[in-house]
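What follows is one structure encoded as structure tokens, with my remarks underneath.
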Amino acid sequence: MSEPVVDLRSDTLTKPTPAMRRAMMAAEVGDDVWGEDPNVNALQEESAALLGKEAALYVPSGTMANLVSVKAHTQPGDEVIIHPLSHTVRYESAGGAMVAGVQWRPLGNADGTLPLAEVEAAIYQGDNPHFAPTRLICLENTHNALGGTVLPLASLDALAALARAKGLPMHLDGARLLNAAVALDVQATRIAAAFDSTSLCFSKGLGAPVGSIVAGSKAFIARCTRFRKMFGGGMRQAGFMAAAARYALRHHVTRLAEDHEHARRLAAAIADEPHLELIYGMPQTNIVFFRCTHPQRSMAELAEGLKARGVLIGPTGPDAARAVTHLDVDGAGIERAIAALHAVLKG
Ligand SMILES: Cc1ncc(COP(=O)(O)O)c(C=O)c1O
């Protein structure tokens with residue numbers, strides 16, 4: 001029997017485990033647009049508690065979680081301070097501009113944090129008609145495009161103190177918030193406490209097939225619920241998916257540490273290869289970005305060679321690629337990926 005493909009392109013590619021599928025099959029469901037799906041209601045309550053917020057809302061995707069949040073915090077014509085390499089700015093199809101009508105004010109440090117003094121200087125709350133009023137600050141943790149970086153708690157607290165002093169809300173794209181919590185060995189509430197609202201994706205490292213949560217105050221979640229409906233994201237018997245997310249919260253959180261260990265093993269092997277280099281150093285969580293400096297072999301050729309050996313990575317540029325560890329890649333899979341890398345570079 002041929003060995004399974006080791007798919008490191010993304011942690012969104014996981015398939016539900018047999019036990020998760022059983023939980024989905026057994027789920028009691030109802031019409032969630034009417035607030036009658038018991039699994040969605042339970043997921044929302046459990047997520048609000050996990051994140052230390054008053055309320056939470058199940059939405060179809062991480063993109064919609066960020067979009068309803070930005071929309072609920074702002075008015076068209078407002079400005080939002082956000083890292084230029086954040087998923088929301090780069091990979092959400094200009095939803096903030098198109099749907100919420102906001103203007104991004106990109107400011108960021110190389111480690112995914114925001115530069116405090118520059119943020120303070122950029123905040124505009126006056127009545128000069130030339131300027132868009134600042135209405136929201138957004139962060140991403142872990143920071144995907146910067147290699148799954150975990151933002152230091154002190155940087156979150158300092159930014160939160162500034163935002164509160166200015167009366168500005170903060171939103172967290174917490175697609176991988178639990179990877180950050182596991183890496184720091186803190187409760188998710190410790191990270192979420194710096195924010196007025198946070199998202200969390202079930203369909204990434206947690207291994208559920210669909211869905212994200214947005215958590216915040218009751219009034220904020222009521223606004224998000226209206227926008228979810230407006231954007232076409234009101235789902236009916238969504239409890240089948242919510243049951244998978246609830247299963248993931250019970251069984252797939254502490255194991256994220258394994259993914260982080262796998263990413264470090266892979267990164268160490270990459271660092272040992274003379275013609276490969278880590279772009280962001282040793283990973284803190286489950287994302288490894290690396291560059292190919294081989295004089296005769298491009299990253300596309302390296303990826304093709306790996307594919308022929310049953311290992312998939314995601315090229316991100318002419319000489320760069322991303323490898324993401326997750327639930328469907330075990331220790332043996334990582335060893336196969338490492339052996340394939342060595343073989344292709346030697347061949
Ligand atoms: C940091 C971050 N935020 C948001 C998203 C969007 O999630 P979705 O693909 O569910 O829309 C992603 C997806 O990879 C992500 O990495």
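Quick rundown of the values:
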item: Pairs, first assigned to a helix (DSSP H, G or I) in segment 138-157, second within 16 Å of the ligand (Cβ to nearest atom), C-beta under 6 Å, six or more apart; result: SER155/THR113
item: Qualifying positions in segment 115-127 - loosely packed, with under 14 Cβ neighbours inside 10 Å and hydrophobic (A, V, I, L, M, F, W, C); result: ALA117, ALA121
item: Candidates ALA181, ALA194, ALA175, filtered to the one that is in a helix (DSSP H, G or I) and modelled with pLDDT of 95 or more; result: ALA181
item: Scan of segment 84-108 for residues that are without any contact (Cβ under 8 Å) to a residue 12 or more places away in the chain and away from the ligand (no atom under 16 Å from the Cβ), ordered by number; result: ALA97
item: Verdict on GLY205 being over 16 Å from the mean Cα position of the chain (by Cα) and either within 13 Å of the ligand (Cβ to nearest atom) or crowded, with 16+ Cβ neighbours inside 10 Å (or both); result: no
item: Those residues of segment 188-210 which are charged (D, E, K, R) and over 15 Å from SER10 (Cβ atoms), in sequence order; result: ARG190, ASP196
item: Residue among GLY112, GLY95 that is in contact with a strand residue (DSSP E or B) (Cβ under 9 Å, 6 or more places away or on another chain) and surrounded by 15 or more Cβ atoms within 10 Å (Cβ to Cβ); result: GLY112
item: Residue in segment 140-151 that is charged (D, E, K, R), within 16 Å of the ligand (Cβ to nearest atom) and in contact with a strand residue (DSSP E or B) (Cβ under 9 Å, 6 or more places away or on another chain) present; result: yes
item: Residue match in segment 125-137 (condition: in contact (Cβ under 8 Å) with a residue 12 or more places away in the chain, in contact with a Cys (Cβ under 8 Å, 6 or more places away or on another chain) and either under 30 Å from ARG246 (Cα atoms) or among the basic types (Lys, Arg) (or both)); result: no
item: Top-ranked residue in segment 44-83 [being without any contact (Cβ under 8 Å) to a residue 60 or more places away in the chain and within 14 Å of the ligand (Cβ to nearest atom); ranked as surrounded by the most Cβ atoms within 10 Å (Cβ to Cβ)]; result: ILE82
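To keep it simple, each residue is scored yes or no on (1) away from the ligand (no atom under 15 Å from the Cβ); (2) under 23 Å from ILE82 (Cβ atoms); (3) polar (S, T, N, Q).
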position: LEU177; (1), (2), (3): no, yes, no
position: VAL182; (1), (2), (3): yes, no, no
position: ARG190; (1), (2), (3): yes, yes, no
position: ALA194; (1), (2), (3): yes, yes, no
position: PRO209; (1), (2), (3): no, no, no
position: VAL214; (1), (2), (3): no, yes, no
position: ARG223; (1), (2), (3): yes, yes, no
position: ALA238; (1), (2), (3): no, no, no
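The values are calculated or read from the model by the stated rules, or taken from the named source; none is laboratory data. Everything quoted here is computed from the prediction, not taken from an experiment. FYI the Cβ positions are ideal-geometry reconstructions off the backbone, even for glycines, and counts take in every protein chain you see.
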